[in-house]
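Below: the structure, in structure tokens.
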Amino acid sequence: MSIAKDKTRPVFPFTAIVGQEEMKLALILNVIDPKIGGVMIMGDRGTGKSTTIRAIADVLPQIEVIKDDLFNSHISNYDLMSDSVKKQIEEGENIISTFINVPMVDLPLGATEDRVCGTIDIEKALTEGIKTFEPGLLAKANRGILYVDEVNLLDDHLVDILLDSAASGWNTVEREGISIRHPARFVLVGSGNPEEGELRPQLLDRFGMHAEIRTVKDPSLRVQIVEQRSKFDNNPYICLQEFKDQQEELKSSIVKAQEKLSSVTIDYDLRVKISEICSTLDVDGLRGDIVTNRAAKALAAYQNKEQVEISDIKDVITLCLRHRLRKDPLETMDSGFKVKKVTDSIFNLSS
């Protein structure tokens, strides 16, 4: 009993998850290139959204951080360092680093702005002249994953703050003329059930990808999912052991893809085709073009390719564009199918 208690609570293995390929691909591509801009996962209740999101953190390589730093500061990348660490380095102080698991931070629905962003102790600042900052969830999530379940029920003001931080990579807290800034670069993952309401289009558009999850209809696949879950609940450690090799293999593929990403190229002709698809679909702004380019490169890197191919674009473009189409109440065609149809026609692919 004591052995089990000493171990951290086991997480369902990512590679043991049956089906939901779209959601798994979106998560993998976002951890390969966090600049894709996060992923919104919408789907029916009980389809494994939370299980899958929590499981992805388990297959990520550990990150090197500065010991006892509140912001998981990077040892050498200035963009991922807190101001206090930069100061220590400039003053030639000895910096000790350590390795930690990639942070996986859950944002509760009732969270306040102070809980999310952190707070400045005004009294201490005024009486003692010391800037004292109590970090929030954005600080804990730096260089990790920030997960918001039921994001469509979260206050729009908080969603705005999350998206701004995710896009800029920084969180700024200002109180009574005192300002503190710290790095907050994370993969933002939101999940929700469309029956409980949609996100406002201008907020939805700022998520890099949008995965739609449906309840599995195939009876044999449903049985497989139930058996897999029962096996894990009965003895999680046997289940983890069974999938250990696959988990390590996936971890290794993600590390290689992260290293390879900067050298992957995408031909000018293919970039033009992506923009042609966005234009034909009447996508507002250029975010769709940028995200599709990034996602296609991340997929090519994941598949160990030097160059993006048409198949890579085809595999990611629905995820990148379906939530950016203008809502037409008279439109009967599903937005994902519409993206696929236009893509096939522009690349002259038979459906």
Quiz prompt | Cα extents of segment 261-346 along the three principal axes, largest first (Å) | solution = 44, 21, 20
Quiz prompt | Among beta bridges that DSSP assigns inside the chain, antiparallel share in %, nearest 5 | solution = 40
Practice problem: State, to one decimal in nm, how far the label point of ASP267 lies from the label point of LEU286, with both points 7 Å from Cα in the Cβ direction. | Solution: 2.3
Practice problem: Determine the calculated [θ] at 222 nm for the chain from helices alone, applying -39500 (n - 2.57) to every DSSP H run no shorter than 4 residues and normalising by the residue count; nearest 500 deg cm²/dmol. | Solution: -13500 deg cm²/dmol
Self-check item: Per-bin percent of Cα-Cα distances, segment 239-300 [5 Å]
Solution: 3, 16, 19, 15, 12, 10, 9, 7, 5, 2
Exercise. Among the GluC sites (Glu not before Pro) in segment 2-94, which ones are in a DSSP loop with at most 14 other Cβ atoms within 10 Å of the Cβ? Mind listing them?
Key: GLU91, GLU93
Quiz item: When N counts the residues of the chain, how does its alpha-carbon radius of gyration compare numerically with 2.2 N^0.38 Å, as a ratio?
Solution: 1.06
Quiz item: What shape does segment 170-246 have by the C-alpha gyration tensor, where a ≥ b ≥ c are the square roots of the eigenvalues, rounded means a/c under 1.5, and otherwise prolate means a/b greater than b/c and oblate the rest?
Solution: oblate
Practice problem: Calculate the length of the line joining the C-alpha centroid of segment 145-184 to that of segment 272-351, in whole Å. | Solution: 28
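What FRET efficiency comes out for ASP106 versus ASN348 if R0 is 41 angstrom and r is the Cβ-Cβ distance? Round to the nearest 0.05. Mind dumping the intermediate values first?
Values: r = 45 Å, r/R0 = 1.10.
It comes to 0.35.
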Self-check item: Convex hull of Cα atoms in segment 185-301, direction-averaged projection (nm²)
Solution: 11.3
Quiz item: Using 19 Å as the cut-off for backbone N distance, which residues of segment 35-71 belong to the label zone defined by a point 7 Å from the Cα of LYS87 along Cα→Cβ?
Solution: 66-71
Quiz item: Residue by residue, what Karplus-based ³J(HN,Hα) values in Hz, rounded to whole numbers, does segment 94-99 have, using 6.51, -1.76 and 1.60 with θ = phi - 60° and x for Gly and Pro?
Solution: 7, 9, 9, 10, 8, 9
Practice problem: Would you compute, for the Cα atoms of segment 93-176, the largest minus smallest coordinate along each principal axis and list the three values in descending order, in whole Å? | Solution: 42, 35, 21
Practice problem: Compute the signed sum of charges (Lys and Arg +1, Asp and Glu -1) over the other residues within less than 12 Å, Cβ to Cβ, of THR215. | Solution: +2
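Which residues make up the longest stretch of the chain that has no trypsin sites (Lys or Arg not before Pro) in a DSSP loop with at most 16 other Cβ atoms within 10 Å?
Details: sites that count: LYS7, ARG45, LYS67, LYS131, ARG214, LYS217, LYS305, ARG326, LYS327.
Here the longest run is 218-304.
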Quiz prompt | Full-extension gain in nm, ARG9 to GLU249, via 0.36 nm per residue minus C-alpha separation | solution = 84.2 nm
Practice problem: Taking only the C-alpha atoms, wrap a convex hull around segment 106-247 and report its volume per residue in Å³ as a whole number. | Solution: 176
Self-check item: Size of charge dipole - the chain - debye, nearest 20, with Cβ of Lys, Arg +1 and Asp, Glu -1, no other charges
Solution: 740
Quiz item: At what distance in angstrom do the alpha carbon centres of segment 208-242 and segment 23-83 lie from each other?
Solution: 22
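Read the figures in this text as sums done on the coordinates, not as results from a lab. Treat the numbers as computed from the prediction; the structure is a model and nothing was measured. As a convention, Cβ positions derive from the backbone with ideal geometry for all residues, glycine included, and neighbour counts pool all protein chains shown.
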